[in-house]
Amino acid sequence: MNFYRSVWTVWLRHYSVFRKNIVYGMVTTFVEPILYLGSFGFGLGAVIGNIEAGGEQVSYRAFVLAGLIGQTLLFTSFFDGAYGGFIRMYYQKIFQAISVTPVTLSEVLWGELLWCSSRGLLSASVILLIGGVLGDFSWWGCVVALPVIFLASVLFASVGMLVAAGSRTIESISYPQYLVIFPMFLFCGVYFPLSQLPEWGQAIAAVLPLTALLSVVRTLLLGFQFEWWALPLLVAWTIPFIPLARNAMRRRVVA
Amino acid sequence: MESSLSVRNLRKVYRSKRHEPLVAVDGVSFDVSAGECFGLLGPNGAGKSTTMKCVTGFFEPTEGLVEIEGIDVQREPKRARQHLGVCSQDDSLDTDFTVFDQMVQFASFFGIGRREAESRSRELLERFQLSSKAGELVEALSGGMRRRLQVARALVNRPRVLVLDEPTTGLDPEARRTLWEILAEQRRSGLAILLSTHYMEEAERLCDRVAIIHRGRIIDCDTPEKLIAREIGRGPVDEEIRPGVKIHRPPNLEDVYLKLTGARLE
């Protein structure tokens, strides 16, 4: 079993579980963003109409729909990395059981990261599809956005795994969830342009990875002004978090 | 005869920033041949589980060498583990799958194709009397069944070496005896078994040789009979089992352990 096949085998294990619980998987993956779209996109969007953001006049629905991509993949990747990872590592001891087979612990953790990222990509793809069908997104933009969305999924899954590795109990995952993930979701421009925040708020939001992701995504999907710093910032966040998460999880599993 | 499992000068030191270094395993060496059951006997914290985890490659030893079928576990973990089956102390069954599916799933980690994995799983579940539970989730199994399933799963790759870390802890006497019979059968079929336990009767019933491990060191190693004869003698031993109630009983491994260490097994 070479490295790639081992990682793939771990990914397939997680996929098998997802497929067995497909109704649960579909509900948790798709229903939430669709509800948000209905409420904010169609409901609030009808009240607000068009807004000016990113140097463009766009419908609020299209603006929110692009924002929901970030929200969905943030929540899906983070939650699967944090809660799913904690359950698999701590309660089910799956990492320990697999890592005494020819699949090494390092490969188990790559498989885990890849799976959590894949779930983020899958859920974000649904929003892309809806946006494309509604005519709010350009199809070519949807295709080009996929690798960027995957990159962000890897980042948020890594953050989730790092949190899982550092949490003594499953309840303590709530701290980073409420103190980091939720504020990021609320203040990085999912529902409103960042220009609405006070300057200090804009300064903080500007360095956060969700802001960078939304900037790239809205440029590709809605034709917003290109912001050169966004993609490098996203990459800069992602690169250190992968080894951080893997090393922390390795230490926790082997402890 | 070449050993299926060879452990040489194994040493494991746990280091942490807050505490002094802890020597969990200190220069342990032993060999286990095909068809032999070798027991590590000692109380909790003696270094049994750490030794087991170094043998499986889960822990990296501080010093020493572990070879499975002549393959260095640290240098070539993937090759070495193709010949290894592990039943850990913790219940690590995959609760997301049914009994049968998790056998097949686990086989995939050894690169075994689906058809072959299904065939082996059916055969093992039959042999371990779990066929009737094949479609059930793990939660539906009793403690004894779960343990049997863990051993069955550890055999899905047809290993040459089976590592069992306290396999019968928490089992009732009947489940324990069933598992002993299964392990004796596996040993007869040529499997090398490394077993850790703190049950005297288990070590005497299953093990061809026993190493008494104390504070990370093997303090004596031989067949249970020779250890008892050498350290205690063949005559009966007096023991006060309750205040004022004394019995004569045959000597056992616990007597050996008490004599060698001055400590009492749990």
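At-a-glance table
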quantity	calculated
Residue satisfying all of: in the range A:36-58; small (Gly, Ala, Ser) and open to solvent by 40 Å² or more (accessible area, probe 1.4 Å); nearest to the chain's Cα centre (by Cα) among these	A:Ser39
Residue check, A:Gly38 free of Cβ contacts under 8 Å to residues at least 12 places away in the same chain and away from chain B (no Cβ under 14 Å)	yes
Residue within the range B:106-121 that is part of a helix (DSSP H, G or I), open to solvent by 50 Å² or more (accessible area, probe 1.4 Å) and either in contact (Cβ under 8 Å) with a residue 60 or more places away in the chain or within 12 Å of chain A (Cβ to nearest Cβ) (or both) present	yes
Residue ID - nearest to the other protein chains (Cβ to nearest Cβ), chosen from residues in the range B:82-103 that are outside any loop (DSSP other than H, G, I, E, B) and open to solvent by 10 Å² or more (accessible area, probe 1.4 Å)	B:Val86
Residue pairs meeting the criteria (Cβ under 6 Å; at least 6 apart or on separate chains; first closer than 25 Å to B:Gly190 by Cβ, in the range B:14-36; second part of a loop (DSSP other than H, G, I, E, B) and charged (D, E, K, R))	B:Glu36/B:Asp208
All positions within the range A:103-121 that are within 11 Å of another protein chain (Cβ to nearest Cβ) and surrounded by 24 or more Cβ atoms within 10 Å (Cβ to Cβ)	A:Val103, A:Glu107, A:Val108
Every pair of residues 6+ apart whose Cβ atoms lie under 8 Å, when the first sits in the range A:45-70 and is on the phi > 0 side of the Ramachandran plot while the second is of a type in the set (Val, Ile, Thr)	A:Gly54/A:Thr219
Condition check for B:Thr223: of a type in the set (S, T, N, Q) and without any contact (Cβ under 8 Å) to a residue 60 or more places away in the chain	yes
Single match in A:Val207, A:Val163, A:Val235 (criterion: closer than 15 Å to A:Leu74 by Cα, more than 14 Å from every other protein chain (Cβ to nearest Cβ) and either open to solvent by 10 Å² or more (accessible area, probe 1.4 Å) or touching a helix residue (DSSP H, G or I) at 6+ places or on another chain (Cβ under 7 Å) (or both))	A:Val163
Filter result for the condition that a residue is more than 27 Å from A:Tyr175 (Cβ to Cβ), away from chain B (no Cβ under 14 Å), out of contact with any strand residue (DSSP E or B) (no Cβ under 7 Å at 6 or more places or on another chain) and modelled with pLDDT of 85 or more, over A:Ala53, A:Ala82, A:Ala97, A:Ala62	A:Ala62
Wholly enclosed helices (runs of 4 or more DSSP H) of the range A:45-158 bearing at least 1 residues aromatic (Phe, Trp, Tyr) and within 21 Å of A:Pro183 (Cα to Cα)	A:60-79
Filtered residue count, the range A:222-232, keeping only those that are under 21 Å from A:Ile127 (Cα atoms) and open to solvent by 50 Å² or more (accessible area, probe 1.4 Å)	1
Among (1) in the same structural domain as B:Ile68 (by TED's automatic domain parsing); (2) exposed (fewer than 15 other Cβ atoms within 10 Å of the Cβ); (3) at negative phi, the one test that B:Val210 misses	(2)
Every residue from the range A:92-119 that is out of contact with any Gly (no Cβ under 9 Å at 6 or more places or on another chain) and over 20 Å from B:Phe59 (Cα atoms)	A:Gly111, A:Leu114, A:Ser118
Residue match in the range A:196-204 (condition: buried (at least 18 other Cβ atoms within 10 Å of the Cβ) and either free of Cβ contacts under 8 Å to residues at least 40 places away in the same chain or in a helix (DSSP H, G or I) (or both))	no
Single match in B:Val66, B:Val55 (criterion: outside any loop (DSSP other than H, G, I, E, B), within 12 Å of chain A (Cβ to nearest Cβ) and crowded, with 19+ Cβ neighbours inside 10 Å)	B:Val55
Those residues of the range A:22-35 which are within 14 Å of chain B (Cβ to nearest Cβ) and either acidic (Asp, Glu) or surrounded by 13 or more Cβ atoms within 10 Å (Cβ to Cβ) (or both), in sequence order	A:Gly25
A:Val10 being within 14 Å of another protein chain (Cβ to nearest Cβ) and among the β-branched types (Val, Ile, Thr)	yes
Entirely in the range B:189-266, the strands (runs of 3 or more DSSP E) that have 1 or more residues that are farther than 21 Å from B:Glu36 by Cβ	B:209-214, B:217-222, B:237-242, B:245-249
Filtered residue count, the range B:69-81, keeping only those that are closer than 17 Å to B:Asn157 by Cα and either under 17 Å from the mean Cα position of the chain (by Cα) or open to solvent by 60 Å² or more (accessible area, probe 1.4 Å) (or both)	2
The range A:229-255 residues that are within 20 Å of A:Pro147 (Cα to Cα) and without any contact (Cβ under 8 Å) to a residue 60 or more places away in the chain, paired with ones that are buried (at least 18 other Cβ atoms within 10 Å of the Cβ) and of a type in the set (Val, Ile, Thr) (beta carbon under 9 Å, 6 or more apart)	A:Ala230/A:Thr211; A:Ala230/A:Val216; A:Ala230/A:Thr219; A:Leu233/A:Thr211
Residues being of a type in the set (A, V, I, L, M), open to solvent by 40 Å² or more (accessible area, probe 1.4 Å), over 21 Å from B:Leu183 (Cα atoms) and assigned to a helix (DSSP H, G or I) - total across the range B:122-167	1
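The values are calculated or read from the model by the stated rules, or taken from the named source; none is laboratory data. Remember, predicted model here, so these are calculated numbers, not experimental data. Glycine also receives a Cβ, built like all others from the backbone with ideal geometry; neighbour counts cover every protein chain displayed. These area figures cover heavy atoms from the full protein model, side chains too; ligands, DNA and RNA do not enter into them. Shrake-Rupley method; radii C 1.70, N 1.55, O 1.52, S 1.80 Å.
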